């Protein structure tokens, strides 16, 4: 009998408390979770292309250097979701241009996040 494979999600978030909270929610709902808290950590995870079913990126604290990494995720067909502090039209357009599947605005509605993740990764 094969063990049940839990989808692996990479959380990229500079704010440790937010990352821990997201990881707890996702783990509780059956997902394996890894965390990255910097551009450098994100880069090291990008080398593990087939390892993640989805990336969840909290933009808080990141600058424009995040966008090429998002484009790279799109190129290797890793879906990603964005969490933003504010709902700005320009930000939504930028996220879309770099391949984000959805943009969530804080405060997060956990049920909506989980539903979106399940739709994307099955």
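Provide a single number: the residues in the range 88-107 that are assigned to a loop (DSSP other than H, G, I, E, B) and farther than 18 Å from residue 120 by Cα. Count: 3. Within the range 94-116, the set of residues being in contact (Cβ under 8 Å) with a residue 12 or more places away in the chain and more than 18 Å from residue 18 (Cα to Cα) comprises 94, 95, 98, 99, 100, 101, 102, 116. Any residue in the range 87-99 that is surrounded by fewer than 15 Cβ atoms within 10 Å (Cβ to Cβ), under 16 Å from residue 117 (Cα atoms) and touching a strand residue (DSSP E or B) at 6+ places or on another chain (Cβ under 7 Å)? No, every residue in the range 87-99 fails to be surrounded by fewer than 15 Cβ atoms within 10 Å (Cβ to Cβ), under 16 Å from residue 117 (Cα atoms) and touching a strand residue (DSSP E or B) at 6+ places or on another chain (Cβ under 7 Å).
Out of 73, 57, 22, 26, I need the residue that is at pLDDT below 95 and either buried (at least 17 other Cβ atoms within 10 Å of the Cβ) or not in a helix (DSSP H, G or I) (or both). Which one? None of the other options fit; the residue is 73.
The values are calculated or read from the model by the stated rules, or taken from the named source; none is laboratory data. What you see is a predicted model, and the numbers here were worked out from it, not measured in a lab. Methodologically, a virtual Cβ is constructed for each residue, glycine included, from the backbone with ideal geometry; neighbour enumeration extends over all protein chains shown.
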